[in-house]
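The values are calculated or read from the model by the stated rules, or taken from the named source; none is laboratory data. From a predicted model like this one, the values you see are computed outputs, not experimental measurements. Note that each Cβ is placed from the backbone with ideal geometry, even for glycine, and that neighbours are counted across all protein chains shown.
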Amino acid sequence: MVKRVVVIGGCGFVGTHICHLLRDRGYRAVAFDVRRTFDDLGAPDDSGWEVKLGSVQLEEDLVAAMDGADFVIHTVAGHPFVEEWKHHEEMAIEGTKKVLSACRRAGVKRLVLCSSASIPYEYRDMQFGDETLPPGTVEDVYMRAKSMQEQIVIDANSPELMTCSIRPHGIYGPGDRVFLPTVLEAAHSGKLKALIGDGCNLVDYTFVKNIANGLIMAGEALGPGSPVCGSRYIVTDDCPTHIWTLQSIALARLGFAVPKRNLPLSFVYSLAVIASVVVRLINTVFRTKIQIGTFTPQKMALVGTYRYYSVDKAKRDFGYKPLVPMKVAIDETIQSLWDMRNGGEYWAKKK
């Protein structure tokens, strides 16, 4: 009998790749989402899996989608660029509680959460970080919500519903509309004049097919007596690289000039602190809701610190290893960006 796997957020960037991989491995994949397609990765109804439309805010939608599921992979959280706590509370926290409740009602025995390796981040270097580190204290609503979401899932682990979380870091790959396209948009519009910091710090990235593989492997490994139950796991490409390497390769191969100037991190960080204080004052005095976007002290600190991790626990407990080596992953990513550019999409449209 073909096993049925439900992917919450299955029409999103990571979710679509999970569904592709599930289909290729003989599973009956079900994408649960508020929308039906994800840009150029193919309409799910034409790609060998089901689509169930619904919201994580509506438990009845979830229960209906989960009927007969062997396990569930949960990828939904708030948007990282939204600063309002209510948004993250509704999506990551309350939504996850409804997902867990729906699993119990539908008789689902296994749930895997796509979490984040940045949960323990502080304003300092993290070298060979592992799952034993406590949650960080950085004032970032997105990471605070992700940390709470993960804890809710881990606390829910029981013989009736076995759970675990998988922590990727810096997800990239075909279909990405945030990470590399943001850099390319800046280059295309002439705004990318310099890189921040000296670029010597090493960071880990996770190719989207590698996180998809890790989530599926963890779901398969959940079972009575398994060490995976109630555990957290870091999953990356297991190949620390200098922070601007990936972006520089993308710029060069796509015909953009790689900036030769580097702005001192301390200078940029100070500007971000000032901007954050000014925006907070304006919002308080005038009761506005101005959002500072990515130019926050937290995001600038990320640029200048070492952030690479150990994946030894995932290797030991469920045999994880990168499905796609980083060199091949970069080639696939660049090819997808070329296709976007030739198709006149997104950043390529900007003048």
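Against the numbered list (1) at positive phi; (2) surrounded by fewer than 21 Cβ atoms within 10 Å (Cβ to Cβ), Asp238 comes up short only at (2).
When Lys97 is tested against the conditions (1) at pLDDT below 95; (2) assigned to a helix (DSSP H, G or I); (3) not β-branched (Val, Ile, Thr), the lone failure is (1). The set of residues from segment 120-162 being assigned to a loop (DSSP other than H, G, I, E, B), hydrophobic (A, V, I, L, M, F, W, C) and modelled with pLDDT under 95 comprises just one member, Val138. For segment 277-295, the criterion of a residue being in contact with a helix residue (DSSP H, G or I) (Cβ under 8 Å, 6 or more places away or on another chain) and part of a helix (DSSP H, G or I) is satisfied by no position. Residues in segment 198-211 that are buried (at least 20 other Cβ atoms within 10 Å of the Cβ) and part of a loop (DSSP other than H, G, I, E, B): Asn201, Asp204, Tyr205. Looking at segment 29-51, which of the residues that are at pLDDT below 95 and among the charged types (D, E, K, R) is surrounded by the fewest Cβ atoms within 10 Å (Cβ to Cβ)? Step by step, filter segment 29-51, then rank; the result is Asp46.
Anything in segment 212-222 that is touching a strand residue (DSSP E or B) at 6+ places or on another chain (Cβ under 6 Å) and part of a helix (DSSP H, G or I)? List them, or say none.
Residues satisfying the conditions are Gly214, Leu215, Ala218, Gly219.
Does segment 16-26 contain any residue that is within 26 Å of Thr294 (Cβ to Cβ) and modelled with pLDDT under 95? Yes: one or more hits.
Tell me which residues, restricted to segment 212-236, are under 18 Å from the mean Cα position of the chain (by Cα) and either closer than 17 Å to Gln151 by Cα or among the aliphatic types (A, V, I, L, M) (or both). Listed by number, the residues that qualify are Ala212, Leu215, Ile216, Met217, Ala218, Arg232, Tyr233, Ile234, Val235.
Filter segment 87-116 for residues that are of a type in the set (A, V, I, L, M, F, W, C) and under 19 Å from Gly12 (Cβ atoms) and give the result. If you could, list the steps in order and put the result at the bottom.
Within segment 87-116, the first condition is being of a type in the set (A, V, I, L, M, F, W, C), and the residues that meet it are 91-93, 99-100, 102-103, 106, 108, 111-114.
The answer is Met91, Ala92, Ile93, Val99, Ala102, Leu111, Val112, Leu113, Cys114.
If we keep just the residues of segment 72-94 that are among the hydrophobic types (A, V, I, L, M, F, W, C) and in a loop (DSSP other than H, G, I, E, B), which is farthest from Asp238 (Cα to Cα)? Can you show your working first?
Of all residues in segment 72-94, those among the hydrophobic types (A, V, I, L, M, F, W, C) come to 72-73, 76-77, 81-82, 85, 91-93.
Still in the list and also in a loop (DSSP other than H, G, I, E, B): 76-77, 81-82.
Working: Val76: 24, Ala77: 25, Phe81: 27, Val82: 30 Å.
Per the criteria, the residue is Val82.
Is it the case that Val268 is closer than 23 Å to Met143 by Cα and loosely packed, with under 15 Cβ neighbours inside 10 Å? No, not satisfied.
Looking at Asp176, Asp155, which is the one that is of a type in the set (D, E, K, R) and over 17 Å from the mean Cα position of the chain (by Cα)?
Asp155
Just checking, which of Gly223, Gly173, Gly219, Gly214 is surrounded by fewer than 22 Cβ atoms within 10 Å (Cβ to Cβ) and either of a type outside the set (Phe, Trp, Tyr) or at pLDDT 95 or above (or both)? Spell out the reasoning first.
Numbers: Gly173 fails: surrounded by fewer than 22 Cβ atoms within 10 Å (Cβ to Cβ); Gly219 fails: surrounded by fewer than 22 Cβ atoms within 10 Å (Cβ to Cβ); Gly214 fails: surrounded by fewer than 22 Cβ atoms within 10 Å (Cβ to Cβ).
When all the criteria are applied, what remains is Gly223.
Scanning segment 98-121 for residues that are in contact with a Cys (Cβ under 8 Å, 6 or more places away or on another chain) and under 21 Å from His169 (Cβ atoms) gives Val112, Leu113. Kindly establish whether Asp198 is farther than 29 Å from Asp312 by Cα and among the acidic types (Asp, Glu). Criteria met by Asp198.
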